[in-house]
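Student: The structure follows.
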Amino acid sequence: MPNAANPVPDQPSFPMNVSVPEARAMLLALLPQPEAETVTVSEAAGRFLANDLAALVSHPSATESALDGIACREADTLGAAPLSPVRLKVLGESRAGVPYTGLVGAGECVRIYTGAPIPAGTDAICPVEQLADAGTDAVQLLRPASSGDVRPEGGDFAKGEVVLHAGLRLTPSRLALAVSLGHARVSVRRRLRVALLSTGDEVREPGSVLEPGQVYDSNRYGLAAMIREAGAEVLDLGHAPDSPERLAELIDGAGGADVLITSGGVSMGKYDFMRDLLLSQGRVSFWKVRLRPGGPALLGGWRGLPVFGLPGNPVSSLVVFQVIVRPALTGEPPFTLRLRAATPFRALSDKTAYWRGTIEGGTVSDYGKQGSGVLRSLSDAGALVIVPEGEPVEVGDEVEVMLF
Ligand SMILES: Nc1nc2c(c(=O)[nH]1)N[C@H]1C(S)=C(S)[C@@H](COP(=O)(O)OP(=O)(O)OC[C@H]3O[C@@H](n4cnc5c(N)ncnc54)[C@H](O)[C@@H]3O)O[C@H]1N2
Ligand code: MOO
């Protein structure tokens with residue numbers, strides 16, 4: 001039945017009840033590919049690579065020791081044991097950055113430190129813990145030296161090898177890798193500019209005094225943090241009251257953004273203006289996605305600007321961001337793992353459910369309070385359990401889980 005307050009057209013001009021993958025793909029199709037820019041590696045943290053990165057050097061740059069000890073010939077040390085130690089003559093030392101340049105022969109060794117190149121003629125390491133002192137010029141090995149404690153030149157990557165691929169996000173470990181490949185500056189995509197607007201007469205700034213029925217604008221702050229975590233820039237448009245005119249004015253202020261994300265006002269109530277505003281002055285690409293929480297999500301456009309309308313319920317807005325918007329902004333599919341269910345999880349007949357779950361001992365349990373207004377469920381539970389349409393989960397079943 002159409003709702004008299006905010007009727008849904010009998011024959012809507014836009015798709016309704018799209019699937020989660022369809023919603024992601026439709027949003028992705030509206031986002032621009034930001035230009036490439038060259039920045040220093042310090043500035044590149046969290047950005048997306050525009051080009052493949054090849055190694056400018058090999059790592060290790062020489063065959064080197066993984067331990068502090070001595071470098072020698074493995075064949076000389078076979079059979080070494082505490083009761084039958086092998087004695088080797090010490091010729092000198094090899095330090096990281098200051099290699100030993102001579103040749104090591106049979107019955108000889110060189111003191112060596114972690115990361116130092118192994119001298120010519122040697123192929124194995126014996127750590128200091130397995131050496132007995134035999135004066136300044138000799139050592140006794142209490143066990144054979146091992147070629148496994150040698151790191152071969154280029155064993156991590158070889159000069160010229162493509163190690164990081166275009167599109168990858170420079171996480172801290174990848175940034176460290178880019179530096180170790182020899183890059184001081186890298187070509188990355190400009191950060192997407194995401195305008196953010198929350199709506200609703202009852203929504204108030206943190207720090208203000210609430211009247212009954214009012215709520216703090218938790219969505220806008222949570223979403224801003226999630227946008228930044230996704231590697232994008234936030235253009236904070238603040239908060240709009242339930243007035244289509246004021247909403248339109250504020251949306252017009254999103255100039256220069258690549259996409260606008262709004263919170264609230266997408267459902268069926270008399271004061272839910274987002275859909276009709278886009279229909280009358282912009283366009284609607286879809287309304288409603290087959291997921292819970294977050295079913296009333298909306299995608300459309302406003303004078304060339306893509307607009308994604310998140311539902312106002314606090315859990316719904318953050319979950320829809322994580323499940324649909326983040327993958328489109330980052331190009332990364334959501335990271336999921338499979339765990340056994342320690343409790344049953346209910347299925348919905350026509351929607352994928354993202355129930356809050358608690359992970360313990362390698363299993364996941366129903367958090368219990370699954371209401372879309374129970375914001376603390378996301379913080380307490382820490383996981384979203386993905387239950388496909390019409391497929392209830394029994395105890396012991398494997399389920400797909402997103403960490404949150
Ligand atoms: N008759 C129907 N009613 C509702 C339906 C429906 O299908 N038929 N869908 C429900 C679902 S599901 C959701 S989700 C919500 C989404 O509604 P809106 O996007 O229109 O959100 P609002 O009405 O503006 O607010 C809902 C709720 O969230 C609180 N809120 C809003 N903004 C914020 C904010 N920035 N920070 C914190 N909390 C916020 C708001 O006070 C309300 O309590 O609609 C259901 N209704
Ligand atoms: O999708 Mo709504 O989030 O169920 O409350």
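The values are calculated or read from the model by the stated rules, or taken from the named source; none is laboratory data. Keep in mind that what you see is a predicted model, and the values were worked out from it rather than measured. Here the Cβ positions follow ideal geometry from the backbone for every residue, glycine too, while neighbour counts run over all protein chains shown. The protein model used for the area step is the full one, side chains on, heavy atoms only, and it has no ligands, DNA or RNA in it. Shrake-Rupley method; radii C 1.70, N 1.55, O 1.52, S 1.80 Å.
Student: Summing -39500 (n - 2.57) over the DSSP H runs of n ≥ 4 in the chain and dividing by its residue number, what mean residue ellipticity at 222 nm do you reach, to the nearest 500 deg cm²/dmol? Don't skip to the answer; put the middle values down first.
Tutor: Details: 9 runs with 71 residues, N = 404.
Using -39500 (n - 2.57) per qualifying helix, the result is -4500 deg cm²/dmol.
Student: Could you give the length gained by full extension between Arg338 and Asp123, i.e. 0.36 nm per residue of separation minus their alpha carbon distance, to one decimal place? Don't skip to the end; give the middle numbers.
Tutor: Details: separation 215, 0.36 × 215 = 77.40 nm, distance 4.37 nm.
Contour length minus Cα-Cα distance gives 73.0 nm.
Student: Let me spell out the model: positive unit charges on the Cβ of Lys and Arg, negative unit charges on the Cβ of Asp and Glu, origin at the Cα centre of the chain. What dipole size does that give, in debye rounded to 20?
Tutor: Numbers: 36 positive and 46 negative charges, 84 e Å.
Here the size comes out at about 400 debye.
Student: Something else: Could you tally the net charge around Met26, taking each other residue with its Cβ under 14 Å from the Cβ of Met26, Lys/Arg +1 and Asp/Glu -1? Please list the in-between numbers first.
Tutor: Working: positive: Arg24, Arg283, Lys288, Arg290; negative: Glu22.
Result for the neighbourhood of Met26: +3.
Student: Across segment 69-75, in residue order, what do the Karplus-derived ³J(HN,Hα) couplings come to in whole Hz, using 6.51 cos²θ - 1.76 cosθ + 1.60 with θ = phi - 60° and x for Gly and Pro?
Tutor: x, 10, 9, 7, 9, 4, 4
Student: Here's a follow-up. Return a whole-number percent for the relative contact order of segment 64-151, with Cα pairs under 8 Å and 6 or more residues apart as the contact set. Mind dumping the intermediate values first?
Tutor: Values: 252 pairs, mean separation 37.9, N = 88.
Relative CO of segment 64-151 lands at 43 percent.
Student: Work out the charge dipole of the chain with +1 on the Cβ of Lys and Arg and -1 on the Cβ of Asp and Glu about the Cα centre, then indicate which of Cys109, Ser94, Gly253 is farthest towards its positive end.
Tutor: The residue sitting farthest along the positive end of the dipole is Gly253.
Student: Kindly report, to the nearest 10 Å², the accessible surface of Val323 as traced by a 1.4 Å probe over protein heavy atoms only.
Tutor: 0 Å²
Student: Got a number for carbon plus sulfur as a percent of segment 114-156's accessible area, 1.4 Å probe?
Tutor: C and S fraction of accessible area: 45 percent.
Student: Could I ask something else about it? Among Arg189, Arg143, what's the order by accessible area (1.4 angstrom probe), most exposed first?
Tutor: Values: Arg189 60, Arg143 80 Å².
The most accessible residue leads, giving Arg143, Arg189.
Student: With every protein chain in place, what's the accessible area of Trp355 (1.4 Å probe, Å², nearest 10)?
Tutor: Around 10 Å² of this residue is reachable by solvent.
Student: Quick one: how many Å² of Tyr367 are accessible to a 1.4 Å probe, rounded to 10?
Tutor: 50 Å²
Student: Contact order normalised by length for segment 120-256, with contacts defined as Cα pairs under 8 Å and 6 or more residues apart; what percent is it? If you can, show how the numbers build up before the last one.
Tutor: Numbers: 122 pairs, mean separation 25.0, N = 137.
RCO, segment 120-256: 18 percent.
Student: If you restrict to DSSP beta bridges whose two residues both lie in segment 336-403, what percentage is antiparallel, to the nearest 5?
Tutor: On the way: 20 of 22 bridges.
Here the antiparallel bridges make up roughly 90 percent for segment 336-403.
Student: Along the charge dipole of segment 116-235, pointing to its positive end and built from +1/-1 on Cβ of Lys, Arg, Asp and Glu, which listed residue (Val179, Ala145, Gly155) has its Cα farthest out?
Tutor: Val179
Student: Right, next: Between Ser218 and Ala158, how high is the FRET efficiency from 1/(1 + (r/R0)^6) when r is the Cβ-Cβ distance and R₀ = 35 Å? Nearest 0.05. Before the final figure, lay out the partial values.
Tutor: Details: r = 50 Å, r/R0 = 1.44.
The value I calculate is 0.10.
Student: Relative contact order for the chain: what percent, with Cα pairs under 8 Å and sequence separation of 6 or more? Walk me through the numbers on the way to the answer.
Tutor: Numbers: 945 pairs, mean separation 65.6, N = 404.
This gives 16 percent for the chain.
Student: Trypsin sites (Lys or Arg not before Pro), restricted to segment 215-287: which are DSSP loop and have at most 11 other Cβ atoms within 10 Å?
Tutor: Working: sites: Arg220, Arg228, Arg246, Lys270, Arg275, Arg283; in loops: Lys270.
Taking segment 215-287 and a limit of 11 other Cβ atoms within 10 Å, the loop trypsin sites (Lys or Arg not before Pro) found are Lys270.
Student: Build a GNM of the chain with springs between Cα atoms under 10 Å: which of Val57, Val20, Val139 gets the top mean-square fluctuation?
Tutor: Greatest mean-square fluctuation among the candidates belongs to Val139.
Student: Treat every Asp and Glu Cβ in segment 109-216 as -1 and every Lys and Arg Cβ as +1, leave all other atoms uncharged, and give the resulting dipole magnitude about the Cα centre to the nearest 20 debye. Please report the intermediate quantities before stating the final value.
Tutor: Numbers: 12 positive and 12 negative charges, 133 e Å.
Charge dipole of segment 109-216: 640 debye, to the nearest 20.
Student: So, one more: Give me the 1.4 Å probe accessible area per residue for the chain, excluding ligands and nucleic acids, in Å². All intermediate terms of the calculation are to be shown ahead of the outcome.
Tutor: Details: 18630 Å² over 404 residues.
Computed with neighbouring chains in place, this is 46 Å² per residue.
Student: Just to make sure I understand: if all protein chains stay in place, what is the order of Asp276, Asp217, Asp156 by accessible area at 1.4 Å, largest first?
Tutor: My answer, sorted largest first, is Asp156, Asp276, Asp217.
Student: Less than 15 Å Cβ to Cβ from Pro327, Lys/Arg counted +1 and Asp/Glu -1: what total charge do the surrounding residues give?
Tutor: On the way: positive: Arg24, Arg169, Arg326; negative: Glu22, Glu229, Glu332, Glu400.
Net of charged neighbours comes to -1.
Student: Tally the DSSP beta bridges in segment 64-151 and give the antiparallel ones as a percent, rounded to 5.
Tutor: Details: 20 of 25 bridges.
Approximately 80 percent, going by the DSSP bridge assignments.
Student: While we're on this one: Can you give the % of DSSP beta bridges in the chain that are antiparallel, to the nearest 5? Could the numbers behind the result be given before it?
Tutor: On the way: 59 of 87 bridges.
Once the DSSP bridges in the chain are tallied, antiparallel ones form about 70 percent.
Student: Also: Return the FRET efficiency for the residue pair Val209, Glu35: r is the Cβ-Cβ distance, R0 is 60 Å, and the value is rounded to the nearest 0.05.
Tutor: On the way: r = 45 Å, r/R0 = 0.76.
Result of the calculation: an efficiency of 0.85.
Student: How big is the dipole moment of segment 165-227 about its Cα centre under a simple scheme where the beta carbon of each Lys and Arg is +1, that of each Asp and Glu is -1, and everything else is neutral? Debye, nearest 20, please. Provide the component values of the computation, followed by the final result.
Tutor: On the way: 9 positive and 5 negative charges, 167 e Å.
For segment 165-227, the charge dipole is close to 800 debye.
Student: Per 0.36 nm of contour for each residue apart, how much would the distance between Ser13 and Glu360 grow if the chain were fully extended, relative to their Cα-Cα spacing? Before the final figure, lay out each step's value.
Tutor: Values: separation 347, 0.36 × 347 = 124.92 nm, distance 4.64 nm.
My answer for the length gained is 120.3 nm.
Student: Next question, about the same structure. Restricting to DSSP loop positions (anything but H, G, I, E, B) with no more than 16 other Cβ atoms inside 10 Å of their own Cβ, which trypsin sites (Lys or Arg not before Pro) remain in segment 76-159? Don't skip to the end; give the middle numbers.
Tutor: Details: sites: Arg87, Lys89, Arg95, Arg111, Lys159; in loops: Lys159.
Loop-located and lightly packed - Lys159.
Student: What number comes out for the charge environment of Arg204, summing +1 per Lys or Arg and -1 per Asp or Glu over other residues with Cβ under 13 Å away? Let's see the in-between values first.
Tutor: Values: positive: Arg220; negative: Asp201, Glu202, Glu205, Glu211, Asp217.
So the environment of Arg204 carries a net charge of -4.
Student: Classify segment 336-403 from the C-alpha gyration tensor, please: rounded if a/c falls under 1.5, else prolate or oblate depending on whether a/b exceeds b/c.
Tutor: Values: a/c = 1.69, a/b = 1.06, b/c = 1.59.
Here segment 336-403 falls in the oblate category.
Student: Whenever you get a sec, line up Phe273, Phe286 from highest to lowest accessible area (probe 1.4 Å, protein heavy atoms). Walk me through the numbers on the way to the answer.
Tutor: Working: Phe273 50, Phe286 0 Å².
Output order, biggest surface exposure first: Phe273, Phe286.
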